[in-house]
Amino acid sequence: MTYSALSKSQTITQDILYGLLAVVLLLVSSVCAADKINLDIISVSPEPRESKKKNFSYDRLTDQSVNVLRMWTRAGAMSWTQPIPVVVSASVSKKFIGQKGTVKIHMAMRQKSGVKLPARIDVYAEEADNQVHHIGEWRKEDSEIKQGRLSDSVWIEVPIANIFKNIKFVIHSDGRFLSFDELELYVRNNDDHADNRVSSAYKPVVQDSLQRFSKNINHQLNFDMALDLNDQPDMELQLIHSWADFPDAEQGEVLESLLFSSTERVKLLRLINRSEQERCVEPISTLPLSMSWVEPVLAVNGLKKYDPLVPVKGCKLLPTLGHAYLWLAVDSQSQPQEGNLFIKTDDETIREIMLKSERIVKKDTSCLKVDVWAYQNEKPIWNNKQQAQALLKSAGVNVFFIPPSEIPTIDAKKKQIKRWQALNQYVDFYAEESGELLLFLGLSKKSRQWDAKYLKSWLKKLTNLMASHGYSNESWALYPFDEINRKTYKPFIDFAKRVKRYDPKIMIYSNPVYSASSKTALSKSDVEEIISLSDIVQPDMKMADQYSSDMFTKDGAEFWIYENPSYPAKSESLSFYKELPERVVKKGASGVGFWAFSDTSKSSAWSDVDGRRPDWSAVYEYQESVIGSRRWSAFKEGVRLACE
């Protein structure tokens, strides 16, 4: 599962226009050259995608060469896909230290291609004694910049209060793409409408910037926050809509009792400490249920989401007027039961709520094939394999994946003894599960090749290995190419035909995708040929919307659908996860999936800015284990509802 890069423009008209506009911009820029300060770019993190090309250097940001059309396709730009905040570190001459300045950044902007202005820019200074200062900011919501009719780029100006020797620029994207090609610094003599404040900050500056970003977003508490003045309970409990995306924006209901039923298996409570002292509160239930604290996380777009479900163990400290969210969940009850929820502090019960549960039957969710691209090599989520697998099964996941790194390549020149051993262990892990296995080969034109002469021998060895673990031909499939488009259509057809020629019983899985680009879009006949060679076909939702379900099933293939959450995944609405299974069923499909269970690019799922890109994982690592989330619970609930 990947996101494709933006397409290039190769029209002569655009290139001529591009050259003329570049000359004009250079002439305009030269007017202020007398006040310009030379910038020495020290580093850019994360590295742009152009960094892999020959002759790449940071000098392109200060070479006075601007790109006005489709900047992200030009050699002189720096571009990112799914970026965390980009940090540009630079230094300036000492003679300018202490003066006021203006930063100018030449940014790409093309709304219809998904290239937007950055959401926010923060400027920092770092001194030799490690003190960090916030010296300037630019916020998109305060800007009146609009895209020009003749260009795909704009200049952004950021006033800075004081020039320091070492400066860092933190640039937040608004969406999945970010591109700029020029960074300039000028002495500022006119202070009109400029914020000249220097404020303290902390390291790392990305975290400081993200906190500032989040504070500017409306996270207003929509409920009364006051001390107990009218003999009300010091610890107030409020019932919140379980699937509210922003619980802090909910007023809440006065809570005296709770009823769990087959249609309401989870409850979200807000605890507010209205006493004049901090309290360490511990919930205790006499009714069998799971209890978790819902912790807040910041998405890379600055939104605060209450998502991770941390199991209740001991007490939680609440300051005066502090609040917390408690998640209660009942999986099944063989008969109606009653109990109590006690909120205790220092062994003293300060609140007591009656709990009731109707008879709740655990539903069979096998009506759907459920896949979420959970790969065991995705750390840290899979550091505890048993817990990760238990979370998958709890949501009805019954289709499991083996990554390319654990599968021997189709290459006669390599014995790959260790690869075969690794695959054997991987398959053995799932042998006792009542699910299907998809072996993702990761084939491509450029990187992962296959030897047609060796294919027959490789397939025979693979089939024997799967059979030795009890897997029939109907319980596993080859997944040769990911997200098939026009560029990988022919290689897929070639591979699938060769496999079927050797053994028609070996199943093939495909996931063709919709594309708005003429270069990568599949025609209807392309899709039909892919389906004819597939035993399982799982298009993305956009492609499924293009054609009838009959087209996907007419050759006897299993028809599944997947859809990706919006970017970044942490800020996606809970309704997306909860409603996806039912939407798939209404399309006539028998399988559902989304990206992804555990993809964090090997960084922590708790932070969107500690890896090379924001996390797609719907669960979180916690201590020595892995825990669920409200997003994961919403998907679990959606699968259950779809199978009723």
The correct count of residues that are open to solvent by less than 20 Å² (accessible area, probe 1.4 Å) and touching a His at 6+ places or on another chain (Cβ under 8 Å) in region 87-128 is 8
Being surrounded by 17 or more Cβ atoms within 10 Å (Cβ to Cβ), aliphatic (A, V, I, L, M) and either outside any loop (DSSP other than H, G, I, E, B) or in contact with a strand residue (DSSP E or B) (Cβ under 7 Å, 6 or more places away or on another chain) (or both) narrows A634, A596 down to just A634
Note on region 90-125: residues farther than 21 Å from Y186 by Cα and free of Cβ contacts under 8 Å to residues at least 12 places away in the same chain are K112
Restricted to region 402-419 and to residues being among the hydrophobic types (A, V, I, L, M, F, W, C) and farther than 16 Å from L438 by Cα, the residue surrounded by the most Cβ atoms within 10 Å (Cβ to Cβ) is I410
From the option list V87, V68, single residue qualifying as in a strand (DSSP E or B) and more than 23 Å from V187 (Cβ to Cβ) is V87
Those residues of region 420-457 which are open to solvent by less than 20 Å² (accessible area, probe 1.4 Å) and among the aliphatic types (A, V, I, L, M) amount to L423, V427, L437, L438, L439, L441, L443, L455
Given (1) among the aromatic types (F, W, Y); (2) at pLDDT below 95; (3) within 22 Å of L438 (Cα to Cα), W560 misses just (2)
Note on region 560-589: residues of a type in the set (S, T, N, Q) and buried (at least 17 other Cβ atoms within 10 Å of the Cβ) are N564, S571
*asked:* Looking at the structure I just gave you, is L309 surrounded by 15 or more Cβ atoms within 10 Å (Cβ to Cβ), touching a Ser or Thr at 6+ places or on another chain (Cβ under 6 Å) and modelled with pLDDT under 95?
replied: no
Within region 435-457, of all residues that are among the small types (G, A, S) and within 29 Å of the chain's Cα centre (by Cα), the one farthest from E483 (Cα to Cα) is G435
Checked region 55-68 for anything over 18 Å from K36 (Cα atoms) and crowded, with 22+ Cβ neighbours inside 10 Å; matches are N67, V68
Item to complete: Inspect all residues belonging to region 133-144 and state whether any of them is of a type outside the set (D, E), surrounded by fewer than 18 Cβ atoms within 10 Å (Cβ to Cβ), within 26 Å of the chain's Cα centre (by Cα) and in a strand (DSSP E or B).
Response: yes
Among residues of region 335-360 being aliphatic (A, V, I, L, M) and open to solvent by less than 70 Å² (accessible area, probe 1.4 Å), the residue modelled with the lowest pLDDT is I360
The strands (runs of 3 or more DSSP E) lying entirely within region 197-276 that contain at least 3 residues which are at pLDDT 80 or above and surrounded by 13 or more Cβ atoms within 10 Å (Cβ to Cβ) are 235-240, 266-273
Among the residues in region 611-620, are any at pLDDT 95 or above, open to solvent by 10 Å² or more (accessible area, probe 1.4 Å) and of a type outside the set (G, A, S)? no
By residue number, the members of region 159-196 that are open to solvent by 40 Å² or more (accessible area, probe 1.4 Å), out of contact with any Asp or Glu (no Cβ under 8 Å at 6 or more places or on another chain), at pLDDT below 85 and not acidic (D, E) are N190, H193, N196
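The values are calculated or read from the model by the stated rules, or taken from the named source; none is laboratory data. Remember, predicted model here, so these are calculated numbers, not experimental data. With ideal geometry, Cβ positions are generated from the backbone for all residues, glycine too; neighbour counts draw on all protein chains shown. Protein only, heavy atoms only, side chains kept; ligands, DNA and RNA dropped before computing areas. Shrake-Rupley method; radii C 1.70, N 1.55, O 1.52, S 1.80 Å.
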